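Beneath this line is the structure, given in C-alpha cells, with notes to follow.
Every read-out reported here was derived from the displayed coordinates using simple, explicitly stated rules and does not represent laboratory data. As the structure is a computational prediction, the values presented were derived from the model and not from experiment. No Cβ is skipped: glycine too gets one built from the backbone with ideal geometry, and neighbour counts run over all protein chains shown.
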Amino acid sequence: MTEPVRLTRYARGGGCACKIPPGELEAMVAGLGPATGTADLLVGLDHGDDAAVVRLDERTGLVGTADFFTPVVDDAYDWGRIAAANALSDVYAMGGTPLVALNLLCWPRDVLPLELAREVLRGGQDVAREAGCHLAGGHSVDDDGPKYGLAVTGVVRPEELITLDAGRAGLPLSLTKPLGVGVLNTRHKSTGETFPEAVAAMSTLNRDAARAAVAAGVRCGTDVTGFGLLGHASKLGRASGLTVAIDAASVPYLAGAREAVRDGYVSGGSRRNLDWVTPWTDFGAVGEDERLLLADAQTSGGLLVAGEVPGAPIVGELRPRGEHLVVIR
C-alpha cells in the first residue's frame, strides 16, 4: 500500500512561519521610497499594513494584496483552504470585501503528483466560493518546493478603512481567533498528529469578524499571522504612536497549544518573533513558555482590533505613548 504523501516534509517552514523575519523585512524595504503611481494612494508602505489601498472615487477604495506560503498541514485540500483564507484575510483586515483572486502556485512537478496540486487548488476554490470571491485563473511555476496562495483584489469604503495607525489611547484590543496554531502545526509536521480544531480555525474566514468590527466603528486593526500576536501588536502600537498593553491571562489558546510549547514544538519563526520584540517589551512575570505562545507565528489567524467586537475576548488596551510594549499578567 502506498504511504500518503506528507506535504509538510517538503517545507523548510510551515505556513506563515516561513516569512522573512520582521526585523530583516523592515531593513530590506527601508529606503525604497514612496510609491510613484498616479492614483490616490490611501495605504502604502508606510506602516506595513495588510494590503495596499488606492482611491477610485469618493465612495470606493481598491484593495490589493498577495499572500502565499509552504504547506502547513499534510492534507492538500486543507492546505489550499487555509492558504486561501489567509490571503483573503488581508482584505478583511482592512475592512474590505474581496472581489476577485488569482491562484499563485509553485509545484515540484517531478517530485509530487499533479493530482495533489489539483486538491490544493480545489481547496482554494471552495474557500473563495464561500467568500463570494471570484477565483479566476492565476500563475504557476515548477519549483523546488510546494507553495500556494492568492493575489486578491477587493473594495472598501474609505470611511470604513481599518489601518494600523488609527489607534487611540484608551481603546480595548479584541482578538477574534485563539492563538496556538503555530506550535500545533510544528507538532503536526514533526509527529504526524492532526489537530482538527487548528485546521478549522485556520480555514475560517475573517469575513464575519471584519463585518462586526466595521459595524462597531473599528478603524484600527490588523490580522495576526506570521509575526505573532506580539509582533503585530507592536506594529500597531508603533504606527499609532501608542503603547500596547496585553493582558496575557485573557489571551485564548487552542486546545493542546500549551502542551505543544511545553514539549518543545516551537518554530524558528516564532523564536525570531520573540527575539525581535524583546528589546522593547516588559514581560513582568510572564514566563518563557507563555512568551513563546504570545509570539507564536500564526497562519490565517484572527483579527486584532482596537475596539469591542461581539463574541471576541478583550486581550489588552492601547495606552499613551511609553517606552515599552507592555505585557501584564
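What to note about this one:
- Derived scalar couplings ³J(HN,Hα) [the stretch 50-59; Karplus, 6.51 cos²θ - 1.76 cosθ + 1.60; whole Hz; x for Gly, Pro]: 6, 7, 8, 9, 10, 7, 8, 7, 4, 10
- Extension gain for the segment A215 to L99, taken as residue separation times 0.36 nm less the Cα-Cα distance, is 39.8 nm to one decimal.
- Sorting the segments 226-236, 153-163, 183-193 by their residues' average number of neighbouring beta-carbon atoms within 10 angstrom, most packed first, yields 226-236, 183-193, 153-163.
- Amide H contacts under 5 Å for A166, placed H, 5+ residues apart: G221
- For G138, residues with placed amide H under 5 Å, excluding near neighbours: N103
- Dividing the summed helix terms, -39500 (n - 2.57) for each DSSP H run of n ≥ 4, by the number of residues in the chain produces a 222 nm estimate of -10000 deg cm²/dmol to the nearest 500.
- Sorted on the mean count of surrounding Cβ atoms within 10 Å across their residues, most packed first, peptides 103-116, 65-78, 197-210 read 65-78, 197-210, 103-116.
- Derived scalar couplings between HN and Hα for the stretch 302-313 equal x, 8, 10, 10, 8, x, 9, 10, x, x, 9, x Hz in order, rounded to whole Hz, by the Karplus curve 6.51 cos²θ - 1.76 cosθ + 1.60 (θ = phi - 60°), x for Gly and Pro.
- Scanning residues 5 or more positions from Y253 or on other chains, those with amide H under 5 Å from its amide H are L179, with H placed 1.01 Å from N in the peptide plane.
- For the chain, the tally of Lys pairs with Cα-Cα distances below 18 Å comes to 4, considering only residues 8 or more apart or on different chains.
- Computed from backbone phi with θ = phi - 60° and the Karplus coefficients 6.51, -1.76 and 1.60, the 3J(HN,Hα) list for the stretch 143-157 is 9, 5, x, x, 8, 8, x, 9, 9, 10, 10, x, 10, 8, 6 Hz; x is used for glycine and proline.
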